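In what follows, a structure is listed as structure tokens, so that the remarks can point back to it.
The values are calculated or read from the model by the stated rules, or taken from the named source; none is laboratory data. Worth saying up front: this structure is predicted, and the values here are computed from it rather than measured. All Cβ positions, even for glycine, are placed from backbone atoms using ideal geometry, and neighbour counts span all protein chains on display. In case anyone asks, the SASA skips ligands and DNA or RNA and just uses the protein heavy atoms, side chains included. Shrake-Rupley method; radii C 1.70, N 1.55, O 1.52, S 1.80 Å.
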Amino acid sequence: MTIDVAHGSTSAQSGAVTIHPAWVRITHWINALAMLMMITSGWRIYNASPLFPFEFPEAITTGGNGLADALRWHFAAMWLLVINGIVYVTLGILRGRFRRKLFPIRPSEVMADALAALKGKLSHEDLSVYNAVQKLLYLGVILAGVIIVLSGISIWKPVQVQELTALFGGYDAARYVHFFAMAAIVGFLLVHIALAILVPKSLRAMIRGK
Ligand code: HEM
């Protein structure tokens with residue numbers, strides 16, 4: 001027998017609560033792989049024509065030999081990222097996961113949870129409920145994902161999608177938007193991975209689901 005509860009489901013035999021259904025776990029880990037490929041090959045592409053007076057160390061970039069290979073990697077991973085992202089966002093909306101887990105986000109709760117986290121007093125007992133800071137960060141990174149894809153398409157096909165490119169303020173501005181969306185995602189990832197290591201049971205739940 002399976003009983004549905006507000007944030008997951010529980011099997012009467014095992015008593016274990018499903019925190020992340022299979023579709024969340026599969027799309028999450030495909031996304032992590034695709035993001036890693038996109039970010040590190042993107043750094044190599046950036047190095048060929050930097051926007052700022054710095055380059056990324058060659059050792060942390062990927063994509064074969066030089067710019068042409070890095071572009072091939074970037075575009076290959078793009079399909080994985082976009083198709084997987086569409087599946088995750090569509091299911092997240094249709095199954096009501098976003099509504100249940102990421103909303104509502106109240107500024108007063110974000111402040112209270114951020115303060116509690118800084119004091120080390122934020123509870124991680126119930127993994128099925130995201131705290132307000134998590135909600136804000138997850139929603140933010142999903143939005144950053146949408147922006148990085150749209151700004152990427154704008155600089156990939158600026159003639160074919162000129163209306164979209166114009167929306168970002170033109171080709172040059174879209175390049176900056178693409179860069180800052182990457183920086184936001186990398187910033188998110190540093191915190192996200194550190195927290196997954198600090199709360200290992202949350203990592204187990206994202207692997208095994210329970
Ligand atoms: C090695 C890399 C990663 C690790 C170890 C990791 C780990 C985790 C863990 C443990 C959770 C569950 C958090 C919880 O239950 O409190 C989670 C959820 C999540 N992660 Fe990651 N993650 C990684 C990469 C990424 C990347 C690249 C992104 C997006 C750019 C991402 C976005 C998310 C989102 C949006 C959720 C919430 C999913 C949902 O509930 O629908 N993660 N991650």
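State the number of residues belonging to the stretch 95-108 that are open to solvent by 70 Å² or more (accessible area, probe 1.4 Å) and in a helix (DSSP H, G or I). Step through it out loud before you land on a result.
Applying the first criterion (open to solvent by 70 Å² or more (accessible area, probe 1.4 Å)) to the stretch 95-108 yields 95, 99-100, 103, 106-108.
Within this subset, residues satisfying the condition of being in a helix (DSSP H, G or I) are 99-100, 107-108.
The number of residues fulfilling the criteria is 4.
Checking D126 against (1) part of a helix (DSSP H, G or I); (2) more than 9 Å from the ligand (Cβ to nearest atom); (3) within 21 Å of I207 (Cβ to Cβ), which single condition isn't satisfied?
All conditions are met except number (1).
For the stretch 75-87, which positions are of a type outside the set (V, I, T) and open to solvent by 30 Å² or more (accessible area, probe 1.4 Å)? Before the answer, list the steps.
Quick first cut of the stretch 75-87, residues of a type outside the set (V, I, T) only: 75-81, 84-85.
Answer for the stretch 75-87, where residues must be of a type outside the set (V, I, T) and open to solvent by 30 Å² or more (accessible area, probe 1.4 Å): F75, A76, W79, L80.
Please find, among L127, L139, the residue that is within 25 Å of I19 (Cβ to Cβ) and within 15 Å of the chain's Cα centre (by Cα).
On the way: L127 fails: within 15 Å of the chain's Cα centre (by Cα).
Unique residue meeting the criteria: L139.
Helices (runs of 4 or more DSSP H) wholly in the stretch 140-210 with at least 2 residues that are open to solvent by 40 Å² or more (accessible area, probe 1.4 Å), more than 16 Å from the ligand (Cβ to nearest atom) and not polar (S, T, N, Q) - which ones? Talk me through it step by step, then tell me what you get.
Values: elements: 162-167, 171-198, 200-208.
Qualifying helices (runs of 4 or more DSSP H): 162-167, 171-198.
Do you know which residues across the stretch 153-210 are of a type in the set (K, R) and under 22 Å from A77 (Cα atoms)?
Of the stretch 153-210, the ones of a type in the set (K, R) are 157, 175, 201, 204, 208, 210.
Matches in the stretch 153-210: K157, R175.
For the stretch 24-73, give me each residue that is open to solvent by less than 30 Å² (accessible area, probe 1.4 Å) and farther than 17 Å from I142 by Cα.
T40, S41, G42, Y46, N47, T61, G63, A70
List every residue pair whose Cβ atoms lie under 6 Å apart, where the two residues are 6 or more positions apart in sequence or sit on different chains, the first residue falls within the stretch 27-52 and is in contact (Cβ under 8 Å) with a residue 60 or more places away in the chain and over 21 Å from A174 (Cα atoms), and the second residue, located anywhere, is open to solvent by 20 Å² or more (accessible area, probe 1.4 Å) and more than 9 Å from the ligand (Cβ to nearest atom).
From residues that are in contact (Cβ under 8 Å) with a residue 60 or more places away in the chain and over 21 Å from A174 (Cα atoms), the pairs are T27/V87.
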